[in-house]
Amino acid sequence: MIHVGINGYGTIGKRVADAVRKQPDMEVVGVAKTRPNFEASSAVEKGFDLYAAVEERKPRFAEAGIDLAGDVEELVEQSDIVVDACPSGIGADNAEMYEEYDTPALLQGGEDAEVVDGSFNARSNFDTVEGMDLVRVVSCNTTGLSRLVAPLQEEYGIEKVRATLVRRGGDPAQSGRGPINDILPNPVELPSHHGPDVNTIFPDLEIDTLGLKVPATLMHTHSINVTLQSNPDAEAVRELLDDERRTFVIPEWLGLDGAGAIKELAQDAGRPRADIWENCIWGESITVEGDDLYLFQAIHQESDVVPENVDAIRAVLGTKSQSESIATTDEAMGLDDSLAPTRTRD
Ligand SMILES: NC(=O)C1=CN([C@@H]2O[C@H](COP(=O)(O)OP(=O)(O)OC[C@H]3O[C@@H](n4cnc5c(N)ncnc54)[C@H](OP(=O)(O)O)[C@@H]3O)[C@@H](O)[C@H]2O)C=CC1
Ligand SMILES: O=C(OP(=O)(O)O)[C@H](O)COP(=O)(O)O
């Protein structure tokens, strides 16, 4: 059994904790929080041992009637690996603690590439991170781009990727985020961080990325143009992407016209928290003009990195091969259960 600690129990951390718990070869040692709130209460309800991330704030948990199992340092010491899902920048601050206890750790996409030994995407570079101390699971958008690039590069070769990322302003519970009534180039300078981040996975790839932020919370949407090194027809590209495990090519007949409908489908399908772990690519948007491929895809920012974190645990510890790990993760999480009932997979 791999003993996994989760430091930072918010949007990403709580989903990773649930996914790790479902794995046949993993056990959650506990989760760390800075304060008692609804997420602390729900962690305890679910039976996760709760550790205090900030020592001075421990009395607050007692006042709220929430039992603690110890301090975050104890969690780190008892864990074979820690998934750090703290807000951007705090993961880097925590690196010293992980080093002190000789516990490898996974940081998230909000951290800079320079902080870690390597960046990770299960489909694209699983074998590169074994034995590393500090690994970054790249951001939700970078994960979505990497999952698309990998099969296209292998099958057709890529001259250049141009991606415009229409990013949700904040997650549904982030009431302080915006914009509320605007469309912001974000960042206004090019490239957005996503292009350089994709290059941490595919160092030689030519890629330009542009980012915007819009008043939406459900999903990001990407407008993609890939100049290929060959000229496949659109149907071949569609089949290629449909054969991937973590892409969902949306058939036209489902009538999914946007993120709202996709989230509704995920709820109807019984997905936990209506999560959508796959890239959602609109089938009819897949178009090839000469050697230029175009498509639209939607990315569920709260959940697409969750299976990636699970795979990164095995990749760092070297306990399973890429294909074994991905298959185990997907089966245990229910990612293999198709969102669309008539979809088939080998
Ligand atoms: N949300 C998203 O769309 C995605 C986020 N990411 C990345 O994942 C990381 C986490 O993001 P996200 O889950 O959204 O963030 P959240 O703010 O939802 O969750 C982080 C949690 O960490 C807790 N926390 C704060 N300080 C500490 C600390 N010192 N020690 C332990 N816990 C702490 C906070 O909870 P409390 O203080 O109550 O304990 C907070 O809820 C970031 O790097 C982000 O960029 C990656 C992909 C998508
Ligand atoms: O990793 C994410 O997006 P990103 O790939 O645009 O950095 C998450 O959606 C977090 O983005 P945020 O930094 O806008 O909260």
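So here's what we get for this one:
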quantity	calculated
Count of residues meeting criterion [in contact with a Phe, Trp or Tyr (Cβ under 8 Å, 6 or more places away or on another chain) and open to solvent by less than 10 Å² (accessible area, probe 1.4 Å)] in region 10-44	6
Search result, residues across region 23-39 that are without any contact (Cβ under 8 Å) to a residue 40 or more places away in the chain and more than 14 Å from residue 81 (Cα to Cα)	33, 34, 35, 36, 37, 38, 39
The lone exception for residue 301 - which of (1) at pLDDT 95 or above; (2) of a type in the set (S, T, N, Q); (3) farther than 21 Å from residue 218 by Cα it fails	(3)
Tally of residues being open to solvent by 20 Å² or more (accessible area, probe 1.4 Å), within 12 Å of ligand 2 (Cβ to nearest atom) and part of a strand (DSSP E or B) across region 164-197	4
Residue in region 265-273 that is assigned by TED's automatic domain parsing to the domain that holds residue 80 and among the aliphatic types (A, V, I, L, M) present	no
Residue count, region 274-328 (criterion: away from ligand 1 (no atom under 16 Å from the Cβ) and part of a helix (DSSP H, G or I))	14
Output for region 286-343, where each listed residue is of a type in the set (Lys, Arg) and crowded, with 23+ Cβ neighbours inside 10 Å	314
Qualifying positions in region 6-35 - basic (Lys, Arg), in contact with a helix residue (DSSP H, G or I) (Cβ under 8 Å, 6 or more places away or on another chain) and away from ligand 2 (no atom under 16 Å from the Cβ)	22, 33, 35
Any hit, region 150-160, residues being within 15 Å of ligand 2 (Cβ to nearest atom) and closer than 30 Å to residue 259 by Cβ	no
Members of region 129-163 that are part of a loop (DSSP other than H, G, I, E, B) and either within 19 Å of residue 217 (Cβ to Cβ) or away from ligand 1 (no atom under 11 Å from the Cβ) (or both)	129, 130, 131, 132, 133, 139, 157
Residue identified as closer than 17 Å to residue 4 by Cα, exposed (fewer than 13 other Cβ atoms within 10 Å of the Cβ) and either not aliphatic (A, V, I, L, M) or not assigned by TED's automatic domain parsing to the domain that holds residue 201 (or both) among 102, 71, 84, 67	102
Residue list for region 248-265, filter: surrounded by fewer than 21 Cβ atoms within 10 Å (Cβ to Cβ) and in contact with an Asp or Glu (Cβ under 8 Å, 6 or more places away or on another chain)	252
Where a residue in region 74-98 is away from ligand 2 (no atom under 16 Å from the Cβ) and its partner, wherever it lies, is open to solvent by 60 Å² or more (accessible area, probe 1.4 Å) and outside any helix (DSSP H, G or I), with Cβ under 6 Å and at least six apart	76/101; 77/101; 79/3; 80/3
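Yes or no, residue by residue, for (1) out of contact with any helix residue (DSSP H, G or I) (no Cβ under 8 Å at 6 or more places or on another chain); (2) in the same structural domain as residue 200 (by TED's automatic domain parsing):
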{"position": "134", "(1), (2)": "no, no"}
{"position": "145", "(1), (2)": "no, yes"}
{"position": "153", "(1), (2)": "yes, yes"}
{"position": "161", "(1), (2)": "no, yes"}
{"position": "169", "(1), (2)": "yes, yes"}
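Condition check ((1) without any contact (Cβ under 8 Å) to a residue 40 or more places away in the chain; (2) touching a Lys or Arg at 6+ places or on another chain (Cβ under 8 Å); (3) more than 27 Å from residue 137 (Cβ to Cβ); (4) within 16 Å of ligand 2 (Cβ to nearest atom)) across all residues:
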| residue | (1), (2), (3), (4) |
| --- | --- |
| 236 | yes, no, yes, no |
| 245 | no, yes, no, no |
| 264 | yes, no, yes, no |
| 267 | yes, no, no, no |
| 287 | no, no, yes, no |
| 303 | no, yes, no, yes |
| 315 | no, no, no, no |
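The values are calculated or read from the model by the stated rules, or taken from the named source; none is laboratory data. This structure is a prediction, so every number in the text was calculated from the model and none was measured. Glycine gets a Cβ as well: all are built from the backbone with ideal geometry, and neighbour counts include every protein chain shown. Protein only, heavy atoms only, side chains kept; ligands, DNA and RNA dropped before computing areas. Shrake-Rupley method; radii C 1.70, N 1.55, O 1.52, S 1.80 Å.
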